Number of protein chains: 4
Amino acid sequence: MLKVGIVGGTGYTGVELLRILSQHPEVHIHAITSRKETGLAVAELFPSLRGRVPLKFCDPAEAELDKCAIVFFATPNGIAMQQVRSLLDAGVRVIDLAADFRIKDVAVWEKWYGMTHACPDLVEEAVYGLPEINRNEIKGARLIANPGCYPTAVQLGFLPLIEAGIVDLEHLIADAKSGVSGAGRNAAVHTLFAEASDNFKAYGVPGHRHLPEIRQGLSRMAGGPIGLTFVPHLTPMIRGIHATLYGRLSRDADLQAIYEKRYADEPFVDVLPAGAHPETRSVRGSNLCRIAVHRPQEGNTAVILSVTDNLVKGAAGQAVQNMNLMCGFPETLAIDHAPLLP
Amino acid sequence: MLKVGIVGGTGYTGVELLRILSQHPEVHIHAITSRKETGLAVAELFPSLRGRVPLKFCDPAEAELDKCAIVFFATPNGIAMQQVRSLLDAGVRVIDLAADFRIKDVAVWEKWYGMTHACPDLVEEAVYGLPEINRNEIKGARLIANPGCYPTAVQLGFLPLIEAGIVDLEHLIADAKSGVSGAGRNAAVHTLFAEASDNFKAYGVPGHRHLPEIRQGLSRMAGGPIGLTFVPHLTPMIRGIHATLYGRLSRDADLQAIYEKRYADEPFVDVLPAGAHPETRSVRGSNLCRIAVHRPQEGNTAVILSVTDNLVKGAAGQAVQNMNLMCGFPETLAIDHAPLLP
Amino acid sequence: MLKVGIVGGTGYTGVELLRILSQHPEVHIHAITSRKETGLAVAELFPSLRGRVPLKFCDPAEAELDKCAIVFFATPNGIAMQQVRSLLDAGVRVIDLAADFRIKDVAVWEKWYGMTHACPDLVEEAVYGLPEINRNEIKGARLIANPGCYPTAVQLGFLPLIEAGIVDLEHLIADAKSGVSGAGRNAAVHTLFAEASDNFKAYGVPGHRHLPEIRQGLSRMAGGPIGLTFVPHLTPMIRGIHATLYGRLSRDADLQAIYEKRYADEPFVDVLPAGAHPETRSVRGSNLCRIAVHRPQEGNTAVILSVTDNLVKGAAGQAVQNMNLMCGFPETLAIDHAPLLP
Amino acid sequence: MLKVGIVGGTGYTGVELLRILSQHPEVHIHAITSRKETGLAVAELFPSLRGRVPLKFCDPAEAELDKCAIVFFATPNGIAMQQVRSLLDAGVRVIDLAADFRIKDVAVWEKWYGMTHACPDLVEEAVYGLPEINRNEIKGARLIANPGCYPTAVQLGFLPLIEAGIVDLEHLIADAKSGVSGAGRNAAVHTLFAEASDNFKAYGVPGHRHLPEIRQGLSRMAGGPIGLTFVPHLTPMIRGIHATLYGRLSRDADLQAIYEKRYADEPFVDVLPAGAHPETRSVRGSNLCRIAVHRPQEGNTAVILSVTDNLVKGAAGQAVQNMNLMCGFPETLAIDHAPLLP
């Protein structure tokens, strides 16, 4: 059994990691840490895990994480970069679900995240954990930067279009909508039920931290700079991301065929039949990304619809997918459960 | 007191008309018709109106609508066009909340709505009831084509940008999100709570009936053809539309000043301060359209956020606004209640 | 115009008071205080009030509340009792929407609220502001204890049954369900959208602060001690309380007639026809309490269903109803708007 | 592999059966029938099952159900009783998720369901499929009457209390709340999102079809007639039942110990620690029933809180639990997934 640890497990990515890992046949959860909840039974904080996860949250100092083969960081931004080096030195491999290692240009990272980076050299080493792009690098990586929720849905949506070289790279638009769990489990007024329910709004239009991450990813696909407008919205549902992507076609092409071919062998990307509209609930609780391709009114604007569960393919599920790849397990192990509908 | 009638009042635009008109100090509701619910007390179908609307739904044949000064059609598409002429001939003025008279090009209408139009001459006469554009024509009109819900939010959002002549007219994008009440009060599987709750999806991407209506409106503003991609989405809330509009700027301009100036005298359009993000709940139950103007990352893409309550400014409230104008009442009479938040 | 002030206006009862009072034709809102938000425009915190409430939150020390005729306290428990005496001495009349003056037995209050009461003599003077019971006392009162949300719905539901003397007073059961706004606008994990949505739970079963308040009210009706089991639940909606009340009948009686007679002259209590089931949305945004009376299977258990909007009849609306009574305005002034449905 | 068939699979119990059975390692789904959707791919109706269930809905006449070892009926009431006999005669064992075989007294059934029963003899043979009561009978049964959703939650909640003989059997009260999926996937106005969202109501207070089923179950436990008031409510969530149960204690007892002991060996009943409040989301998507036991204010009223997922333990999950017992599989096989939270 593979020993794994979780640092900072009291948020939604934490409970989702626990849900998945506790059902993983090759994994033993060695420890889960929380400074704030040290001593509290996991099942008391997350009643869904009663009878399933017998652990208590423990103090990081006593977690003996160096005995783990893999450690997941489900911490706020800026924590993992303080602790990763000593774990790597001890031979532990690390998957960071936060943003510390996602942006290769450290100056850009520091600007958007408002802190000095503690280990720029590890940023360079870290592998961006999007298997559909970096599968081979992931297998051998010591340190994975697990992608953000919006970046996963947006990049998977744009990928075939950009790789095919048929879109105006100057004017890409990503209009994305997220369920409220994307904002985390922190007490905050704007995500209260009575604020976020029966309501819809955009946020972060002047600039959202996922913009540089997406821009970096699309630029790599394009092999050069791209222009992107990214507008995130908060929608009154718990889980789910729906990215509506717009690109101006630079030449005619069979979009449906391009997408189907690109993702033919991907276990977690499902290209819907032409004319379809994916729903977020069709991936609820699963690691799938479902994509539909449109060209409305036979015009020259491509409209790509891409949906994921932000806590699974957008966070914990993708982290376990990366772990599976790193450890030589079947890639879909423990993350192939059917979505929950209705 | 002004005698008004409502044809087809069992849907959401019907109940919303009743809510507003029953609180209008200058109006007497003479009759409300429904073939299906003839004889049923309105307050039994709509318990919110108990003690407030003492009417029963009556058979259209017995409604004596020709005794009304104003008749509202809250019927499915294709009904009003069968009945309007005789009412007009009897001196009744008509406000149609359905789509029968919205599209000036009858051939286009017939293609999108799948029926032959019964009175193309009245299409020509009808005034498109968007007061922010057609206030004077509305005052003297006999027949009002009340705008659709998406078209109201999208047109008010684009209007100043297009009038100012600073946007690439070939590539306008309207990414719009609607609450589920926009789909009406008809029994249907896809709008069941267990289907539409905790879910998000686009629909009608290949072509939605509001596309030609919006295109017609924007073309008039532009004084020529425009290119529009319109993608509607269903979001799990009862009321509200959020339109996120994208336009490529053709030259530099002070967008905030342009919007504030254009709407300075409009009682129902509120331009938010720079940097703001309007929420649909900020207009819940009210006739307001709130708009914010962005230019992310100082780029050349304008992002306009426009929110309305689809049942008020997007339907019944705007209809009453039109009635107020037609009858010489203060424009805001009975539609100036505060939004309900939370 | 009547000068009124609001102490502590940043919560949901605050914004609801503002919504109602800003539409009240006889009222001028002189000041609204908040220590935390001093200087912030009300319309910035509550975007629904843009263009309608031009005030800023001001420091309590600078509010000149003694110039008001009426001051509302929309503060946490324990604040009003510190400040009421000086206002009363200055000739100001006070309506406390918190719990400071609701419980006549100060020892009981201190036990349930965990603090020492600052002015027991004022507790004695205070009038419990449930107009259906205390209308005359309210008219002349200097200090009103505005009832809690659950207590309003439960007491109005049980009142005719107890007054008629036909129910076993030892075993009353109130199974109550509240929307999440009842928990207030404070940042807290358990009322986050992602926690409270798509979920249902009981809370406070061992003992909830509204238990002694309800018990006191029912005891007064009964003229002696009563036995009550009170179980509140959290239900995923914004507004609304649904109280399901159970009482064992001690003798046969025409329950429907008893309820209709008791509430025949009450402007805000609506007894539904026999067999009906009131919905919380039928009172959304209104000051109404709608009640239905059942006797399932012709047995000896009465089941009373009572619904209110917790922020209106359960808080701000009832406060304005009390103000109207105190000031000689028509009792329904500014609180007779139609409910918002859907 | 065990061949199973599903009759009538287009509803929510159908899709939930498919979700579970498609992940069951010992089962092959041979056919799923639907008269209305014959020829439609299952994955088109239920996009969550794309890539997982390759079947099409087939005509019942062509389903060759007699080749199955087990056939599930997920049909409306009154269908199974027409078809069961021929299947049983062919050696097929049947699990009916509808109500046809739940009520032993055929006259009572006919009164509540409004039809003549087609096979009273099979009613007698049928085993009520609540494993916590009838585990041994289930193992050998040919025909299982799978319990209703409310009856499961209510009976499991009352069971230890009644078996212990410490409650007044004349005055049991079950105040139950259900998510909207309990009303099925049929197009209907009252379960539309815009009707059922942000709303709460009781229904069926004069008499609900689950009343005789629950009464029969409690009577068997009690060994004689019992008196029950049952009030169901509709709450705006997709899945989940919360039953709040009230019973007057006839003598003192350690309720917590009684419940823990009764359910110590039950794999799907979880008795929470004293003082807890179970949430429906803690069982979302799982076959668990979680129960908490209270005695508020040390009085003589017991309050039992019992939660289930109405589509799993209240329908499809329990059906598979019964199948596992009938076929000698481990009882928890394929129904032991972790609940989905948040």
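The values are calculated or read from the model by the stated rules, or taken from the named source; none is laboratory data. In this text the structure is predicted, and so the values were computed from the model without any measurement. We place every Cβ from the backbone using ideal geometry, glycine too, and count neighbours over all the protein chains shown.
Among the residues of the stretch A:327-342, which ones are more than 12 Å from chain D (Cβ to nearest Cβ) and surrounded by 24 or more Cβ atoms within 10 Å (Cβ to Cβ)?
Hit for the stretch A:327-342 is A:335, nothing else.
Whether any residue in the stretch B:101-124 is closer than 22 Å to residue B:219 by Cβ, touching a strand residue (DSSP E or B) at 6+ places or on another chain (Cβ under 7 Å), outside the structural domain of residue B:241 (by TED's automatic domain parsing) and assigned to a loop (DSSP other than H, G, I, E, B) is what I want to check.
Yes.
Yes or no: the stretch C:202-209 includes at least one residue that is aromatic (Phe, Trp, Tyr), surrounded by fewer than 17 Cβ atoms within 10 Å (Cβ to Cβ) and modelled with pLDDT of 95 or more. Quick ask: steps written out before the conclusion?
Taking the stretch C:202-209 as the starting set, the residues that turn out to be aromatic (Phe, Trp, Tyr) are C:203.
Then keep just the ones that are surrounded by fewer than 17 Cβ atoms within 10 Å (Cβ to Cβ); that gives C:203.
Right, trim to modelled with pLDDT of 95 or more and you get C:203.
Yes, because at least one residue in the stretch C:202-209 is aromatic (Phe, Trp, Tyr), surrounded by fewer than 17 Cβ atoms within 10 Å (Cβ to Cβ) and modelled with pLDDT of 95 or more.
Does the stretch C:249-266 hold any residues that are more than 26 Å from residue C:321 (Cα to Cα) and not in a helix (DSSP H, G or I), and which are they?
Initially, the stretch C:249-266 is screened for residues more than 26 Å from residue C:321 (Cα to Cα), giving C:249-257.
Once the filter is applied, which keeps residues that are more than 26 Å from residue C:321 (Cα to Cα) and not in a helix (DSSP H, G or I), the stretch C:249-266 yields C:249, C:250, C:251, C:252, C:253, C:254.
It is to be established whether one or more residues within the stretch A:249-261 are facing another protein chain (nearest Cβ under 7 Å) and either without any contact (Cβ under 8 Å) to a residue 60 or more places away in the chain or closer than 28 Å to residue A:145 by Cβ (or both).
Filtering the stretch A:249-261 for residues facing another protein chain (nearest Cβ under 7 Å) gives none.
So far as the stretch A:249-261 goes, no, none of its residues is facing another protein chain (nearest Cβ under 7 Å) and either without any contact (Cβ under 8 Å) to a residue 60 or more places away in the chain or closer than 28 Å to residue A:145 by Cβ (or both).
What do you reckon, is residue A:246 under 30 Å from residue A:184 (Cβ atoms) and either small (Gly, Ala, Ser) or over 17 Å from the mean Cα position of the chain (by Cα) (or both)?
On the way: under 30 Å from residue A:184 (Cβ atoms): yes; either small (Gly, Ala, Ser) or over 17 Å from the mean Cα position of the chain (by Cα) (or both): yes.
Against the criterion (under 30 Å from residue A:184 (Cβ atoms) and either small (Gly, Ala, Ser) or over 17 Å from the mean Cα position of the chain (by Cα) (or both)), residue A:246 qualifies.
Any idea how many residues of the stretch D:80-122 are of a type in the set (Ser, Thr, Tyr) and farther than 23 Å from residue D:12 by Cα?
Selection size over the stretch D:80-122: 2.
Is there a residue being within 30 Å of residue B:198 (Cα to Cα) and either of a type outside the set (Ser, Thr, Tyr) or modelled with pLDDT of 95 or more (or both) anywhere in the stretch D:244-261? Spell out how you get there, then give the answer.
Of the stretch D:244-261, the ones within 30 Å of residue B:198 (Cα to Cα) are D:244-245.
Next, from what is left, pick out any that are either of a type outside the set (Ser, Thr, Tyr) or modelled with pLDDT of 95 or more (or both): D:244-245.
Yes.
Filter the stretch D:177-226 down to residues that are in contact with a His (Cβ under 6 Å, 6 or more places away or on another chain) and not in a loop (DSSP other than H, G, I, E, B) and give me whichever is farthest from residue C:303 (Cα to Cα). Walk me through it before giving the result.
First pass over the stretch D:177-226, keeping only residues in contact with a His (Cβ under 6 Å, 6 or more places away or on another chain): D:177, D:200-203, D:205.
So of that shortlist, the ones also not in a loop (DSSP other than H, G, I, E, B) come out as D:177, D:201-202.
Working: D:177: 15, D:201: 13, D:202: 11 Å.
Only one residue tops the list, namely D:177.
Conditions: (1) out of contact with any helix residue (DSSP H, G or I) (no Cβ under 7 Å at 6 or more places or on another chain); (2) touching a residue at least 60 places away in the same chain (Cβ under 8 Å); (3) away from chain A (no Cβ under 14 Å). Residue D:104 meets all but one. Number of the miss?
(1)
Any residue at all in the stretch A:28-47 that is more than 23 Å from the chain's Cα centre (by Cα) and at pLDDT below 95?
There is at least one residue in the stretch A:28-47 that is more than 23 Å from the chain's Cα centre (by Cα) and at pLDDT below 95.
Can you pull out the residues in the stretch D:267-326 that are outside any helix (DSSP H, G or I) and more than 13 Å from chain A (Cβ to nearest Cβ)? If you could, list the steps in order and put the result at the bottom.
Within the stretch D:267-326, the first condition is being outside any helix (DSSP H, G or I), and the residues that meet it are D:267-279, D:284-295, D:299-311.
Correct list: D:274, D:293, D:294, D:295, D:299, D:300, D:301, D:302, D:303, D:304, D:306, D:308.
Tally up the residues in the stretch C:178-200 that are crowded, with 24+ Cβ neighbours inside 10 Å and free of Cβ contacts under 8 Å to residues at least 60 places away in the same chain, please.
10
Being in a helix (DSSP H, G or I) and surrounded by 24 or more Cβ atoms within 10 Å (Cβ to Cβ) is the filter here; which residues of the stretch A:161-176 pass it?
To start, the set of residues in the stretch A:161-176 that are in a helix (DSSP H, G or I) comprises A:161-163.
The one that is in a helix (DSSP H, G or I) and surrounded by 24 or more Cβ atoms within 10 Å (Cβ to Cβ): A:161.
Mind telling me which of the residues D:69, D:41, D:61 ends up being among the small types (Gly, Ala, Ser) and in contact (Cβ under 8 Å) with a residue 24 or more places away in the chain?
On the way: D:41 fails: in contact (Cβ under 8 Å) with a residue 24 or more places away in the chain; D:61 fails: in contact (Cβ under 8 Å) with a residue 24 or more places away in the chain.
Matching residue, one of D:69, D:41, D:61: D:69.
Within the stretch D:223-238, is even one residue touching a helix residue (DSSP H, G or I) at 6+ places or on another chain (Cβ under 8 Å) and more than 13 Å from chain C (Cβ to nearest Cβ)?
Checking the stretch D:223-238: not a single residue is touching a helix residue (DSSP H, G or I) at 6+ places or on another chain (Cβ under 8 Å) and more than 13 Å from chain C (Cβ to nearest Cβ).
Does residue C:314 satisfy being surrounded by 24 or more Cβ atoms within 10 Å (Cβ to Cβ) and small (Gly, Ala, Ser)? Don't jump to the end; show me each part of the working.
Values: surrounded by 24 or more Cβ atoms within 10 Å (Cβ to Cβ): yes; small (Gly, Ala, Ser): yes.
Yes; evaluated as a whole, the condition is true for this residue.
Within the stretch C:158-192, work out how many residues are within 24 Å of the chain's Cα centre (by Cα) and within 7 Å of chain A (Cβ to nearest Cβ).
Qualifying residue count, the stretch C:158-192: 7.
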